[in-house]
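Peer 1: This is the structure, below, for whatever I ask next.
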Amino acid sequence: MTTASLPAGLTIGPLTSDADARECAHLMATSDPWITLGRGYEDSLRMVRDPTREVYVAKAQGELAGFLILSMTGPFVGYVQTVCVHPDHQRRGVGTVLVGFAEERIFRESPNVFLCVSSFNTDAKRLYHRLGYDVVGELTDYLVRGHSEILLRKTIGPLAGFRSG
């Protein structure tokens, strides 16, 4: 997402500090869907610090507004592992901006963006539908019993013939 298209006062950049990593892990561990999924602070911190992932932090006037974690390797290149928005910034477009940022990053290297959304996370499901994501599968009882993870995809074309750039 180009700087010109960001809401006033919002910046997005790579995670660079341990303090930001800890703040992101705390945000994740104290908000849904991660509470329902049973993900605590230490597991969240491990995810944020995973060297195989790209982590981007959104800040509004220097305060954490949200973050995202991307996987650009493996069977689903272009997998958005986490989109997390601080409660004070929800319903203000930060999630939309973070997903747009992820798409721009991923579409430079892959024609597909993948993500999962928990079956109980109705707000996120509504957002992803509005942003043009299609359901491609459902993993029942995958993370916790009684809930599904719904695999979504947004594409600009097939892998065959795609040229990164």
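The values are calculated or read from the model by the stated rules, or taken from the named source; none is laboratory data. Everything quoted here is computed from the prediction, not taken from an experiment. So basically every Cβ, Gly included, is an ideal-geometry build from the backbone, and we count neighbours across all protein chains shown.
Peer 1: Kindly check whether there is at least one residue in region 25-34 that is under 12 Å from the mean Cα position of the chain (by Cα), closer than 23 Å to E149 by Cα, crowded, with 19+ Cβ neighbours inside 10 Å and in contact (Cβ under 8 Å) with a residue 12 or more places away in the chain.
Peer 2: There is at least one residue in region 25-34 that is under 12 Å from the mean Cα position of the chain (by Cα), closer than 23 Å to E149 by Cα, crowded, with 19+ Cβ neighbours inside 10 Å and in contact (Cβ under 8 Å) with a residue 12 or more places away in the chain.
Peer 1: I would also like to ask the following. Based on what the data block shows, is V94 modelled with pLDDT of 95 or more and surrounded by 15 or more Cβ atoms within 10 Å (Cβ to Cβ)? Before you say what the answer is, go through the steps one by one.
Peer 2: Numbers: modelled with pLDDT of 95 or more: no; surrounded by 15 or more Cβ atoms within 10 Å (Cβ to Cβ): yes.
No: the conditions fail for V94.
This table checks each residue for (1) surrounded by fewer than 16 Cβ atoms within 10 Å (Cβ to Cβ); (2) farther than 23 Å from G93 by Cα; (3) modelled with pLDDT of 95 or more.
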position: M1; (1), (2), (3): no, no, no
position: A8; (1), (2), (3): yes, no, no
position: D20; (1), (2), (3): no, no, yes
position: G66; (1), (2), (3): no, no, yes
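Peer 1: Which of (1) over 9 Å from the mean Cα position of the chain (by Cα); (2) closer than 23 Å to S164 by Cβ does M47 not meet, given it meets every other one?
Peer 2: (2)
Peer 1: Are any residues in region 28-68 in a helix (DSSP H, G or I), out of contact with any Gly (no Cβ under 8 Å at 6 or more places or on another chain) and among the aliphatic types (A, V, I, L, M), and if so, which ones? Step through it out loud before you land on a result.
Peer 2: So the first thing to find is which residues in region 28-68 are in a helix (DSSP H, G or I), and the list is 28-29, 41-49.
Subsequent filtering for residues that are out of contact with any Gly (no Cβ under 8 Å at 6 or more places or on another chain) retains 28, 41-49.
The answer is M28, L45, M47, V48.
Peer 1: Scan (1) polar (S, T, N, Q); (2) within 16 Å of the chain's Cα centre (by Cα); (3) at pLDDT below 95 for the single condition S148 breaks and write down its number.
Peer 2: (2)
Peer 1: Let me ask something else. Quick check on this structure: which one of A124, A102 is within 20 Å of T16 (Cβ to Cβ) and under 14 Å from the mean Cα position of the chain (by Cα)?
Peer 2: Result: A102 is the single residue among A124, A102 that is within 20 Å of T16 (Cβ to Cβ) and under 14 Å from the mean Cα position of the chain (by Cα).
Peer 1: If you go through region 89-114 one residue at a time, how many are assigned to a strand (DSSP E or B) and out of contact with any helix residue (DSSP H, G or I) (no Cβ under 7 Å at 6 or more places or on another chain)? Can you show your working first?
Peer 2: Applying the first criterion (assigned to a strand (DSSP E or B)) to region 89-114 yields 112-114.
Among the residues that remain, those that are also out of contact with any helix residue (DSSP H, G or I) (no Cβ under 7 Å at 6 or more places or on another chain) are: 112, 114.
Matching residues across region 89-114 total 2.
Peer 1: On the given criteria, is V80 outside any helix (DSSP H, G or I) and crowded, with 22+ Cβ neighbours inside 10 Å?
Peer 2: yes
Peer 1: Which residues, taken from region 115-141, are outside any helix (DSSP H, G or I) and surrounded by 15 or more Cβ atoms within 10 Å (Cβ to Cβ)?
Peer 2: L115, C116, V117, S118, S119, F120, N121, L131, Y133
Peer 1: If you don't mind, another one. Would you check if R91 is of a type in the set (D, E, K, R) and either closer than 22 Å to D50 by Cβ or under 14 Å from the mean Cα position of the chain (by Cα) (or both)? Can you show your working first?
Peer 2: Working: of a type in the set (D, E, K, R): yes; either closer than 22 Å to D50 by Cβ or under 14 Å from the mean Cα position of the chain (by Cα) (or both): no.
Spelling it out, it is not the case that R91 is of a type in the set (D, E, K, R) and either closer than 22 Å to D50 by Cβ or under 14 Å from the mean Cα position of the chain (by Cα) (or both).
Peer 1: Answer yes or no as to whether R153 is surrounded by 12 or more Cβ atoms within 10 Å (Cβ to Cβ), free of Cβ contacts under 8 Å to residues at least 60 places away in the same chain, in a helix (DSSP H, G or I) and not polar (S, T, N, Q). Give the derivation first.
Peer 2: Details: surrounded by 12 or more Cβ atoms within 10 Å (Cβ to Cβ): yes; free of Cβ contacts under 8 Å to residues at least 60 places away in the same chain: yes; in a helix (DSSP H, G or I): no; not polar (S, T, N, Q): yes.
So R153 does not fit the description; no.
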